[in-house]
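The values are calculated or read from the model by the stated rules, or taken from the named source; none is laboratory data. Owing to the predicted nature of the structure, the values given are computational and were not obtained by experimental measurement. Counting neighbours? That spans all protein chains shown, and the Cβs are built from the backbone with ideal geometry, glycine included.
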Amino acid sequence: MSEEKDFNVFAGAETGIFKGLNINSKCSLSKNFDKISNLTKESSISCMSYGEDEQEILIGLRSQYVKVFDVKDKSYSTVVETKAGTGPVVGVARYNEAILTAVESGLVKLWKYENPVEFNPIDYEVRRMGKLGKEIVMTEEEKEKHAESLKIGRKLCRLRQCRESKNLVAVGGKELDLQIWDLDKSIQEPIFRAKNVRPDFLQMRVPVWISDLTFLTVSSVATCSRYGHIRKYDIKSSQRRPTVELIWTEKDDAFNCTTICTVNENQVLVGTATGKLGLWDFRVGAGFKGLIRKYKGCTGAIREITSPVGSEYFSVVGLDRHLRVYKIKEQKPVYTTYLKSKLTGVLMASNFDPEVTAEAKAEKVPGVEKVEEEDDDELKIIDEPEDTGTQPEDYTVSVANTKLENLLSLSESNYKDKSHPFYEFFKDSKKQRKLLKTTESEEEREQALVIIRKQFENFQLAHSRNGLQPAKKRKLN
């Protein structure tokens, strides 16, 4: 039997925490690989990707450093300083044994030891605009000044590497339409440069703001934008405009799409800033205007979606601090866990399948009970009984030892159950819990969490003073 991986999902957070999880239907484990005391605001994880293979994970930081994590050793093998341009790292990849990074100011650099190679998609775009693209006679000083004025408001939002052909990378951003670069060729110009769509019915220019992109195949790329556009491009064609364009709208308002993930050459998963998650199909006549399925469960802005090639599963992380695993054909998540921090990135193992490893995990840790987590760096083991359709055995829920995070991840039916030991707390905190799920404001979210924590503490204190007995036959998921 081949050696089984310890972790099949990895997640990164705004706090800089990098987490490993082993998810299956019997037992779920999670572990932090960083100490919170060693992290600062500049340690925030802005992007993640696998290296040459799944034994290496590249983690891009806001401070323009790249951490290289060894999956087998479960530790960081090296930390590389990649100072170039300005802004956080928005894309990281491994090519030809060198690290490739892209930063918000537009600079993309391949960090070779002797001869680093760099290019700037924003500069390339600007040099072909306005007076600079019309060959008007200008001094070098005037050209530089005009170029700087054209760069205002532009930023690179994402770099992605092609899975099948590692030499191809795609970039896009705010007022920076899709560009494809070939790292094997002399990096002077992109092999594909998208052209904006035609003006709208009012003859107004359609703004460009690519928030994420993904390779469907070696010859096709899909993008999503902050204006609700979901587009497919054929990079081998002479046509520079999208071959298919879908728009995610509701009540005549376009959603703010934040991330996109490939399912197959015709389908993509798209997440929004309001927690909407959908499966889209580029084929003519598919679904309702391209929308095949909406998924339930997400409450905060979605930051990243990932799905292994050919897998029936995908995972989602976002600002609601939850990691959710879905089956593509099912609307509700098959697994949800609260990870305490605002999550910005997620990776899944190519052989991810919780059903395959469930029996093996149960044999390795028989009769494991839930372990209360004293420290955020400790390993957490949670054993869940099989869903047989019957009621679980009687056991006592300790109100004093229950954690707030476990209560916030319960289903809505638990909140309405008057026999639940925490029903009074659920009733008092209903308004704040609703605000927590619906608000887009981070300040309001933090204020709601503070109030909920205070209400929870008051409930536990009242419970201890009154000597109430905890309820029976109650399971906290």
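Can you name the residue in segment 382-434 that is surrounded by 15 or more Cβ atoms within 10 Å (Cβ to Cβ) and touching a Pro at 6+ places or on another chain (Cβ under 7 Å) and, of all such residues, is modelled with the highest pLDDT? Ranking the candidates gives PRO421 first. Applying the criterion of being under 33 Å from the mean Cα position of the chain (by Cα) and in a loop (DSSP other than H, G, I, E, B) to the residues of segment 418-434, the residue that is farthest from THR402 (Cα to Cα) is SER429. Within segment 245-258, if we keep just the residues that are at pLDDT below 90 and assigned to a loop (DSSP other than H, G, I, E, B), the residue that is nearest to ALA194 (Cα to Cα) turns out to be PHE255.
The condition (being touching a residue at least 12 places away in the same chain (Cβ under 8 Å), surrounded by fewer than 16 Cβ atoms within 10 Å (Cβ to Cβ) and assigned to a strand (DSSP E or B)) is satisfied by just one residue among GLU118, GLU164: GLU118. Of all residues in segment 289-310, at least one satisfies being in a loop (DSSP other than H, G, I, E, B) and touching a Cys at 6+ places or on another chain (Cβ under 9 Å). Of all residues in segment 286-306, those satisfying the criterion of being within 23 Å of TYR233 (Cα to Cα) and surrounded by fewer than 20 Cβ atoms within 10 Å (Cβ to Cβ) are ALA286, GLY287, PHE288, LYS289, LEU291, ILE292, ARG293.
Is it the case, given these coordinates, that SER28 is among the small types (Gly, Ala, Ser), out of contact with any helix residue (DSSP H, G or I) (no Cβ under 7 Å at 6 or more places or on another chain) and at pLDDT below 95? So SER28 passes the test.
Among the residues making up segment 272-285, those that are surrounded by 16 or more Cβ atoms within 10 Å (Cβ to Cβ), of a type in the set (Gly, Ala, Ser) and assigned to a loop (DSSP other than H, G, I, E, B) are ALA273, GLY275.
Flag set for LEU132, criterion: touching a helix residue (DSSP H, G or I) at 6+ places or on another chain (Cβ under 9 Å), closer than 21 Å to ARG205 by Cα, among the hydrophobic types (A, V, I, L, M, F, W, C) and assigned to a helix (DSSP H, G or I).
Inspect all residues belonging to segment 260-269 and state whether any of them is touching a Gly at 6+ places or on another chain (Cβ under 7 Å) and not in a loop (DSSP other than H, G, I, E, B). There is no residue in segment 260-269 that is touching a Gly at 6+ places or on another chain (Cβ under 7 Å) and not in a loop (DSSP other than H, G, I, E, B).
When segment 92-110 is filtered for residues that are part of a strand (DSSP E or B) and either of a type in the set (Ser, Thr, Tyr) or on the phi > 0 side of the Ramachandran plot (or both), the ones remaining, listed by number, are TYR95, THR101.
The set of residues in segment 19-67 being crowded, with 20+ Cβ neighbours inside 10 Å and of a type in the set (A, V, I, L, M) consists of LEU21, ILE23, ILE45, MET48, ILE57, LEU58, ILE59, LEU61, VAL66. VAL221: β-branched (Val, Ile, Thr), closer than 28 Å to ILE302 by Cα and in contact (Cβ under 8 Å) with a residue 40 or more places away in the chain, yes or no? Taking the combined requirement at face value, the residue satisfies it. Looking only at residues of segment 186-244 that are aliphatic (A, V, I, L, M), surrounded by 12 or more Cβ atoms within 10 Å (Cβ to Cβ) and part of a loop (DSSP other than H, G, I, E, B), we find that the one that is modelled with the lowest pLDDT is ILE187. When GLU148, GLU142, GLU125 are checked against the criterion of being surrounded by 12 or more Cβ atoms within 10 Å (Cβ to Cβ), at pLDDT 85 or above and not in a loop (DSSP other than H, G, I, E, B), GLU125 stands alone in meeting it.
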